[in-house]
Structures are given as C-alpha cells and as structure tokens.
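Here the structure comes first, spelled out in structure tokens, and everything after it is commentary.
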Amino acid sequence: MSEQAGPDATIPAPVTADPAGPPKRPGPPPPPTASPGKSVTARTPLQLAMARLRRDKVALAAGVLLILLILVAVCAPLIAKLVGHDPTTNYPDGIDASGLLPVPVTPGPGFLLGADQLGRDVFVRTLYGARISLLVGMVATAIALVVGTTVGLLAGFVGGKTDTVLSRIIDIFLSFPFLVTALTLVALNRDAFGQPRISPILLVMAVISLFTWTFFARLVRGQVLSLREREFVEAARSLGASNFRVMVVDLMPNLVAPLIVYATLQIPLNIVFEATLSYLGVGVRAPTASWGNMLFDAQASGYYQTQPGFLLGPGIALLLTVLAFNLLGDGLRDALDPRSSRTMAKD
Amino acid sequence: MLRFLLRRFGYLVFVLFVIALVSFGLNSIANNNPAALLAPRGASAEAIAQIKANLHLNDPLYLQFWHFLTRGPDIRGTKSGLMQWPPSLGYSFVKQRPVTEVILDKLPATISLALGAMVLWLAIALPIGVLAATKARSLLDRVSTFFALVGLSFPTFLLGLLLLYVFYYQLTTAGFNVFPAGGYVALTTDPLEWAHHLILPWFTLALTEAAIYVRVTRSSMLEVLGEDYIRTARAKGLPERRVVYRHGLRSALTPVVTLAGLDVATLLGGAIVTEQVFGLDGVGRLAVLSVSDGDLPVVVGVTLVAAFFFVFINVLVDLVYALLDARVRVD
C-alpha cells in the first residue's frame, strides 16, 4: 500500500496505521519508537489521514477553493466598498438612460455582472450570497450533527425501548415529504401583518436541521451498535466507567472520522436546500441577497435572457461551492478510511 | 406472510396518522379564517360567525382533527372526512372546490413528469454504469465518475434554468423555435405536444438523478461481477456480452430498481422544483401556490398524498424483496 508511506517515507507503527481499525482514545500520540539502524516514526491516525489527503490533488484544490470562498464571504463588505456598490441599494446608473424601465446594463467596469431588475449590482450581491449560503449550510449542519449524534448515541448505546422509540421517530421524520413540510413551516412564519415572526434565516436553518439530523442519528446509531460490543467498552466498564463516560470518552472519538465525512457531504446538500427554499420564495427574502432568491429574480424578471450574468453569477457560484464541498468530502472519506474504494484502486 | 403484511400495513397507517396529525396541527396555527373566505362578499360579522360555527371551526383542535379523519360537516355538498368513500381531504376555501378533486386534477402532470424522467435517467445511467464497471479504472470510468459528481452537485432548479436559457431562449432568438418556455399539455389532448412540453423538464430531472444511478449501477455491477457464478459463466465459455448482461446485470439491477421506486415515490408527491421552474401544473406547483395563498386544506392534502406515495411504495419494495429474495426473513 504505497499511500501509507509519506513523502518522508517513514514507516507507520502497525498499531496506529489503520484509523478505522483499532479503537482510538484521545490523548498524546504514542512516543516514537526507535529501532537501531532504522528510524521508525509512529504516526497518529490523524497524521496518516492528513498525509493521504495531501496527496489528493483534487481534494486539495477543492479545499483551497473553499478557503477562498470563505475569505470572499468574510470580506464581502470590503469588496463592496472597493466596487462602490452596496448589495441592497438600487443604482439608477444601472438603469438605462430613459429611466422609465429598469433595463439592466450590460456587464462593464461599473457592474461586473450587470445589474438586476432593481438596478442592484449582481456581482456584489453574489458575494453577499456566499455569506448566506455558507452560514446557513454550516450552521444547519452543525445543529443537525449535534442533535443527530446525541440521539444516535442514546438509541445505539442504551438500546431496548429507548432505541425502538427513537428509531420509530427517525423513521417518521424520514417519511415526511420534507419540501412540502418545509414550505408549510416557513410560510407559517407570518404574523397578522404578513411580517415574519422570527428571522427567516434562523427559520431556514432550523427547518433544514429539523429534516437532516436523522441522517446523522442513523449513522451514529449503526456505528455505536457495533462499537459497544467491542472489548475496549467492556474494559472501560470493568474499570467502573459510567454510561456517560463510556459514551463520551470511549465511543465519541471513534465516531469523529465518519462524522467529519458525513458533515462535509451534508453541507452542500444544505446549501442546495437553502437555495431551493429561497428560489421557491419561502427562504431568505429580498432585499437580503441569497443565490436562491437571485436566481428566482433572474427567472421571474426575465432579465437573464439579455443579461446572462444575472443567471450565471449566482448559478456558477452555487455550483462551484457545492462541487467543492463534494470533492473535499470524497477526498476526506478516502483519506480517513483507507479501505474505501478509491484508495484501493491506486494499488 | 400474512403477519408480515399486517405489520407493514399497520406501520403504513401509523406513519400516515402521525403525518396527518402534525400537518393538520401545523396548519391550524396559521391565522386565517376559512369562514370569511366561504362567506359571500360583504357578509356581516354575524353571518361569518354563523358559517364558522357550521364548519365546527370553534371546536377544540382534537375534535376538528377527528372530523377530518372521520366525518366532517358537508361543505357545499362535498362530504369531508378521510374515512369516507371516496376519501375526502376536505374543502379548499380559496379555490372553492374539494381538495381531492384539486389534487387529482394535478396528478397527471406530475405522473407524466416523474415516470418519463425515470425512463430517461435509467436509459442514461444504466449503460454508463455497466460500461464503467466492466472497464473499471479506464478513462471512461474516470470520466463518468467525474460527470456523476458534477451531476450530483447540480441543484435541480439551476440545471432547469440553464436548460431554459440555452435551449429555449438562445435557440429561439437564433430562430429555431424548438422548445416551449414551459407549461403542460395533457396527454389526452395532444400526445406530441405533451412530450414536446415535457422534454426539458424530463432532462432536468433525469440528468441530476442519473448521477446517483451511475454510481449505484457501477458499484452494484462491480460487486456482482466478482461473484463465483460469474466466473463459472465465463469458465463454461459464454460470450462476455452474455455474461455481463444476462448474468451480471440481472442481479445487479436489484438496488437500482429499489432506488428508482423510492425516487419515483418521492417525485409523485410533487416534483416541486422542476414543476416550478417550467411552470408545469402538477402537484408540486400546487403545493407551492397553496402555501403562498394560505390555502391550507390543500397543503395538508398534498402533504398526505405525498407521504402516502412514499410510505406505500416503501412497503411495496419491502414486500417485493421478501417475495424475490429468500434470504429476507418474513416473520
């Protein structure tokens, strides 16, 4: 298996070579063992995984793209200041000379991707859209991860009636037609005057995590069911560890690798979920820019026909973001699980 | 077998009951007054209050839910109550029509879209998946894996919009009026126009779905081709074509068919996004419009119909598994 040898060609200690194999406990990595003549460095599973990831060019490129994207999202106000356009202000400059119809201008030095139907700068709005997408995608995934892991741990570890009830609840959640229900939930967020009761962004995050925690719960439950029969759990028990301690100290570290992979692959799904809700008019609302509601505006106003930037700007941004997360997730899976198909294929 | 059937059926009813309860509960939070919608224009407050009382809208929520399940008040000669025959999902006060009728009206468009797209994505994904598996690690395999990932990353509505931009707008401005902008023509009205209007929506759904199917077909095929009986088939001198397609593909299809069943089940509850992009008058678009109109009985109805398709086909898939595969225990 060539992928176990890093660029510095050290030989990993056999015990820690396989992160999916023997259970790992948090703590300092085993001290390097040196045999006379040949230097052997022991590496933690994390170091091994990072070494494998470093050799995956596609995943690295995706990671770099995502870091750039996060930078752009964070610096959006700065870039907007440089361009001189605010994301929510209507610029009459962006509107044709007659001023009667808000005909968008063609892309030019002032408006890199043109203006939308209200004369707002599409380029600046696309940058601001990245903030919403990343924020909603990551926060919703984090909530789902925490809730799902807790439920999965309880169901898998406690077992018995608790497991039956929790599994039934998961089944029912999975049977819900989630898009229709999500539409209903978001539409209910209206008071008597048609104003949202709570911030639409918060609601969208809550709705997305409400329908995605089940994936994490099922993953964790399955893992825990097999892990809890292992010797190290029995050993911890015989030392008098409480249930809580076994779950947190002994089981959790073994769940980290699959959870990282799942979460990385769930973020793009959630970003698409948010964009879809916003496209359908129930997610993030104007004037706040989201790629979903920008694409809706592009179609509804019909301006994308004369102004492809209106469609391609947020569209390509959305596609690239999702693709980058998927590529990184695939790369992480290969790096964290040496038995997965792609790593094997390299032999 | 009978016990298995009964248990699965019980499960189906239980899940549907919970979904009905949640959906009904959620929708009754919304502050709108159906009585005011039903009353004639300019009706007095007393008249509206009277209608409200007749509709049992002042009853406690659990009683209203009971009426929804069993037998509610007749509204304009429409029976209400799920346990009536034919089952009634209530009355749409916004559209002034029974909900069941409204949904049945929209079902043909959704069924045409879902089934047509399924045929198309299987036609795209199966050959690619099989080729990728038989020529594993070849250039073709790599290319198809890459495109599968791109397809997987494409949000449905974005692909739809791009297809519209290229194949409707650009072609039409270039003088080739090949594809319509959207809309639905019933199959019974004009089969050619029906297909003509559905081509872009079919491709939108099929291209995004095909990605997953290429992956599933490929891995399932790889697994099957590693089995002993494939080696036996090769050893007895069968032509490779026959080994791959007759012996291999046949058993590799099981997970693919299962997945297709579940996907179509989800789509039958409304291919919301695709229908919205192309303005197809299906169940999904009905749900979106009803949500924004505050037409809550229709929203509950669509939710239940969608859940029914999903759970029912799930149970059906389990059943077919049990019948086909002796390894699945039925007890």
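Computed from the coordinates by the stated procedures, all read-outs in this text should not be read as laboratory data. Here the structure is a predicted model, which is why all the values come from computation and not from measurement. Here the Cβ is made from the backbone with ideal geometry for all residues, glycine too, and neighbour counts use every protein chain on show.
Treat the count of other C-beta atoms within 10 Å as a stand-in for reagent exposure and order B:Met1, B:Met221, A:Met247 from fewest to most.
In increasing order of surrounding Cβ atoms, one gets B:Met1, A:Met247, B:Met221.
Hey, fewest Cβ within 10 Å first, where do B:Val273, A:Val72, B:Val224, A:Val248 land in order?
Final ranking by Cβ density, sparse to dense: A:Val248, A:Val72, B:Val224, B:Val273.
Counting pairs of Cα atoms in the stretch A:225-298, how many percent are more than 14 Å apart?
69 percent
Can you tell me the dipole magnitude for chain B around its Cα centre, using point charges on the Cβ only (Lys, Arg +1; Asp, Glu -1), in Debye to the nearest 20?
That gives chain B a dipole magnitude of about 1040 debye.
Beyond 15 Å, what share of the Cα-Cα pairs of the stretch B:116-170 remains, rounded to the nearest whole percent?
Result for the distance tail: 61 percent.
Using the charge dipole of the protein assembly as shown (Lys, Arg: +1 at Cβ; Asp, Glu: -1 at Cβ; taken about the Cα centre), state which of B:Val264, B:Met118, A:Thr44 has its Cα farthest towards the positive end.
Selected residue: A:Thr44.
Which of the GluC sites (Glu not before Pro) found in the stretch A:227-312 are loop residues per DSSP with 12 or fewer other Cβ atoms within 10 Å of their Cβ?
A:Glu229
Per-residue ellipticity at 222 nm for chain B, helices alone: DSSP H runs ≥ 4 residues times -39500 (n - 2.57), over residue total, nearest 500 deg cm²/dmol?
-22500 deg cm²/dmol
Residue farthest toward the positive end of the dipole of the protein assembly as shown, with Cβ of Lys/Arg at +1 and Asp/Glu at -1: which of A:Leu66, B:Trp194, B:Phe68?
Of the options given, the answer is A:Leu66.
Note down the magnitude of the dipole of the protein assembly as shown about its Cα centre, charges +1 on Lys and Arg C-beta and -1 on Asp and Glu C-beta and zero elsewhere, to the nearest 20 debye.
1740 debye
Tell me, how many Å apart are the Cα centres for the stretch A:235-287 and for the stretch B:246-320?
27 Å
Once you compute Rg and the Kirkwood Rh from C-alpha atoms, what is the Rg to Rh ratio for the stretch B:147-250?
1.21
I'd like the orientation of helix B:283-293 relative to chain B: the angle between its Cα long axis and the longest Cα principal axis, in ° from 0 to 90, rounded to 10.
40 degrees
If each residue of separation counts as 0.36 nm, what is the full-extension length gain between A:Leu78 and A:Leu320 once their alpha-carbon separation is subtracted?
84.9 nm
Which net charge results when you count Lys and Arg as +1 and Asp and Glu as -1 among the other residues whose beta-carbon is under 14 Å from that of A:Leu202?
The answer is +1.
What are the principal axis extents of the Cα atoms in the protein assembly as shown, in Å, biggest first?
Sorted from largest, the Cα extents of the protein assembly as shown read 98, 72, 62 Å.
Counting only pairs 8 or more places apart or on different chains, how many lysine pairs in the protein assembly as shown have C-alpha atoms closer than 18 Å?
6
Out of every Cα pair in chain B, what percent are spaced more than 39 Å from each other?
The answer is 30 percent, as a whole percent.
Arrange the following residues from fewest to most other Cβ atoms within 10 Å of their Cβ: B:Ser88, B:Ser28.
The fewest-first ordering by Cβ neighbours comes to B:Ser28, B:Ser88.
Which residues' amide hydrogens lie under 5 Å from the amide hydrogen of B:Arg97, considering only partners 5 or more residues apart or on another chain, with H built in the peptide plane?
The answer is B:Ser92.
Quick check: net charge around A:Leu113, other residues with Cβ under 10 Å of its Cβ, Lys/Arg +1 and Asp/Glu -1?
Neighbour charge sum, excluding A:Leu113 itself: -1.
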